[in-house]
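Some notes on the structure that comes next.
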Amino acid sequence: MCGIVGYVGNQQVVPVVIEGLRRLEYRGYDSAGIAVVNRDHEMQVRRASGKLRNLEEVIRENPISGEYGLGHTRWATHGRPTEENAHPHRSGDGRVVVVHNGIIENYLELKRDLQARGHVFKSETDTEVVAHLIQKHQQLDPQADLETAFRRSLNEVRGIYALVAMSADEPEKIVAARLGPPVVVGLGDGEYFVASDIPAILPHTRNIFFLGDGEIACLAKDGVRVTDLEGNEIKPQVQRITWDPIQAEKGGYKHFMLKEIYEQPRAVRDTTQSRISLDTGQVFLDEMKITEAEFRNFTDIKIAACGTAWHAALVAKYLIEELARLPVEVDYASEFRYRNPILTPTTLMMVISQSGETADTLAALREGKEKGCKTLAICNVQGAMMTREADGTIYTHAGPEIGVASTKAFTSQIVAAYLLAMYLAQVRGALNEEKLKWHAQHLSELPVKIEKLLNSDTDYEELSRAFVLSTDFLYLGRGINFPIALEGALKLKEISYIHAEGYAAGEMKHGPNALIDSRLPVVVINTLDPNDEKSRLRYEKTISNIQEVKARDGIVVAIVTEGDKDTREVASFTIQVPPSSELLSPVLSAIPLQLMAYHIAVRRGCDVDQPRNLAKSVTVE
Ligand code: M6R
């Protein structure tokens, strides 16, 4: 979603803010802007629609400078992505500016009140009301400083926000507030930063804290003060970021997405490492406020998630039901609240989220809490909102994921779910030590298999050449591979803009086969674990589905296990993955689909890391 960067200190603010915004580009945006106050206490605002380079061009033509300021990249919600709607937004007198991520739900009501008082609005956005509200409170009480007027304005606002404001009349001061979308404050030496995500400020400082919901930070040259909406002082929990800023850079790869695909052996290893014992098969979960007895007594699990994380949740259902024999229900987080879910005190409410900030998923988590459930998050981002609100978190340790299309976060979510399934099986006595050891062994071999897969000589260039002009794709999978079909289709559509559908292979004959003709590529996931009876059955049935596609002239691209013969005979293209147990095969099958989507999108000239209309973390419902 939108990106925010603010700075108070001795450096020239424009390069700090622009560079910070560039590091947030991955979040997705369609316009950008910056406001800087100069030595003469003039508020200078520059904005442009489109990418940051357009804003830089505007600044080149009309330079600005100063030592405090803020910038924003906007992902349009209210109003088109034009220059007028780009942030920062000004108060009527132009002395105050505001940038905002989120939605002000009562903005129309507030706008009408302000218009009745004579305020004139220049944009179609909800954000602009906040700048006018601050001005209103300063007019009502001329003694009120920016922080006070900001606090009073927030008390009138309904919605979700990361809001940052500054005034030309209060030098070297920035105020920021959070209710929903993340706000991170960076503590430097005589300089302070505020941003919507850590990479923006990482080159300057590693000492950071996240604002909590309902908290306000006031950054000045002599320090940062945090208060609540009533003005009571709060001690922030400062943390030191240990990951390397290099991890948030491309490291020689053409795109973040490609880099992140290649980081999967490391990501999966880090997720597993130090959590399983190969000697005993025991799983150790991170410290959490859910006791072993509670894990033993859960009667069911609900998982809510969105997008790729929802696909990981579908895989998690297979894993938990198979290993721990505990019923699992998976919901789209955006639907969860609209169906009166049956939650009991012995239901474990789980969420899966890369960012830990997705508004729909957070709402589902809160719903679970309200209904008295214990809550557990599988999350990648340290300190994210969900990790703070859930009773327990299993971190995926995938490292920062910058590409909008989720890759390494997905496979490490599956691995985290596998660990949870093993843990549940262990505490509930559903698997004996021998079986647990067997699973631990297979998990520990997974990173090497991923490495092998990534080093294979599959010709993705050839595949991308063959399909660059395709307009539709069908992805099919059965059993635990069905969610991978959904994920493969999502990956392709989000970065290449080719229409793609994922289907349970057995469902094809109930409608989608009407689509099959000689122009339709059908990607079928058909790996085989010969030692698993269910896998063999699934494999054979899927071959029949492939025959059905072939009989209608469809083009079959099959994901198969090394050494496969039967699928190979009927498919037009095959991609091999190393042999693995049935339950771990989704991790391996997902990777060629990521690579295929990537190469097709690159050949089509698409912006792979920042696909149109998409945002990295969706903090609006
Ligand atoms: O941060 P989250 O995992 O909660 O995000 C959920 C979805 O928005 C996300 O997975 C989205 O579908 C990705 N663009 C998929 O690649």
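Observations on the model:
- Taken together, the criteria place VAL36 among residues that are free of Cβ contacts under 8 Å to residues at least 60 places away in the same chain, more than 26 Å from ARG612 (Cβ to Cβ) and within 31 Å of the chain's Cα centre (by Cα).
- For the range 478-532, the candidate set comprises residues that are away from the ligand (no atom under 16 Å from the Cβ) and of a type in the set (S, T, N, Q); within that set, the residue that is farthest from SER589 (Cα to Cα) is SER518.
- If you check ALA466, ALA485 for being buried (at least 17 other Cβ atoms within 10 Å of the Cβ) and closer than 21 Å to THR574 by Cβ, only one passes: ALA485.
- Among the residues making up the range 185-197, those that are open to solvent by 10 Å² or more (accessible area, probe 1.4 Å) and in contact with a strand residue (DSSP E or B) (Cβ under 7 Å, 6 or more places away or on another chain) are LEU187, GLU191, TYR192, ASP197.
- Criterion applied to ARG90, ARG95, ARG46 was being at pLDDT 95 or above and under 14 Å from VAL14 (Cα atoms), and the one residue passing it is ARG46.
- For the range 256-276, the tally of residues that are over 19 Å from LEU593 (Cα atoms), modelled with pLDDT of 90 or more and among the polar types (S, T, N, Q) stands at 2.
- Close pairs from the range 191-212: first part of a strand (DSSP E or B), partner of a type in the set (D, E, K, R), Cβ under 7 Å, at least 6 apart: ASN207/ARG240
- Selection status of PRO182, touching an Asp or Glu at 6+ places or on another chain (Cβ under 8 Å), crowded, with 24+ Cβ neighbours inside 10 Å and over 25 Å from MET43 (Cα atoms): yes
- Residue among LEU70, LEU52 that is over 18 Å from LYS616 (Cα atoms) and within 30 Å of the chain's Cα centre (by Cα): LEU70
- Considering only residues in the range 562-612 that are open to solvent by 60 Å² or more (accessible area, probe 1.4 Å) and either aromatic (Phe, Trp, Tyr) or without any contact (Cβ under 8 Å) to a residue 12 or more places away in the chain (or both), the one that is farthest from ASP459 (Cα to Cα) turns out to be ASP607.
- THR411 being within 16 Å of the ligand (Cβ to nearest atom), more than 21 Å from CYS2 (Cβ to Cβ) and either open to solvent by less than 10 Å² (accessible area, probe 1.4 Å) or in contact (Cβ under 8 Å) with a residue 24 or more places away in the chain (or both): yes
- VAL5 being in contact with a helix residue (DSSP H, G or I) (Cβ under 6 Å, 6 or more places away or on another chain) and closer than 26 Å to ASP222 by Cα: yes
- Failed criterion for THR358 (all others in (1) within 12 Å of the ligand (Cβ to nearest atom); (2) open to solvent by less than 10 Å² (accessible area, probe 1.4 Å) hold): (2)
- ARG225 meets each of the listed conditions (1) under 23 Å from the mean Cα position of the chain (by Cα); (2) open to solvent by 10 Å² or more (accessible area, probe 1.4 Å); (3) at pLDDT 95 or above apart from (1).
- Against the test of being closer than 21 Å to VAL268 by Cβ and either among the aromatic types (Phe, Trp, Tyr) or within 14 Å of the ligand (Cβ to nearest atom) (or both), the options GLN594, GLN610 yield a single qualifying residue, GLN594.
- Residues (polar (S, T, N, Q) and either under 17 Å from GLU294 (Cβ atoms) or part of a strand (DSSP E or B) (or both)) located in the range 345-391: THR346, THR347, SER353, THR375
- Test for ALA417: is it within 16 Å of the ligand (Cβ to nearest atom), outside any loop (DSSP other than H, G, I, E, B) and under 20 Å from the mean Cα position of the chain (by Cα): yes
- Where TYR26 falls short, out of the listed (1) in contact with a Leu (Cβ under 9 Å, 6 or more places away or on another chain); (2) modelled with pLDDT under 95; (3) among the aromatic types (Phe, Trp, Tyr): (1)
- Residues in the range 331-355 that are closer than 19 Å to SER406 by Cα, in contact with a helix residue (DSSP H, G or I) (Cβ under 7 Å, 6 or more places away or on another chain) and buried (at least 23 other Cβ atoms within 10 Å of the Cβ): 5 in all.
- Cβ separations smaller than 8 Å between residues 6+ apart or across chains give the following pairs from the range 383-395 residues that are among the acidic types (Asp, Glu) to residues that are outside any strand (DSSP E or B): GLU389/LEU362; GLU389/LEU365; GLU389/ARG366; GLU389/LYS369; ASP391/MET288; ASP391/LYS289; ASP391/ILE290.
- All positions within the range 388-408 that are within 15 Å of the ligand (Cβ to nearest atom) and within 16 Å of ILE301 (Cβ to Cβ): ALA390, THR393, ILE394
- Any chance ASN545 is under 32 Å from the mean Cα position of the chain (by Cα), closer than 15 Å to GLU569 by Cα and open to solvent by less than 10 Å² (accessible area, probe 1.4 Å): no
- Every condition in (1) part of a helix (DSSP H, G or I); (2) open to solvent by 10 Å² or more (accessible area, probe 1.4 Å) is met by LEU528 except one, and the failing one is (1).
The values are calculated or read from the model by the stated rules, or taken from the named source; none is laboratory data. Fair warning: this is a prediction, and the values are worked out from it, not measured in the lab. Heads up, the Cβs are rebuilt from the backbone with ideal geometry, glycines too, and the neighbour counts pull from every protein chain shown. The protein model used for the area step is the full one, side chains on, heavy atoms only, and it has no ligands, DNA or RNA in it. Shrake-Rupley method; radii C 1.70, N 1.55, O 1.52, S 1.80 Å.
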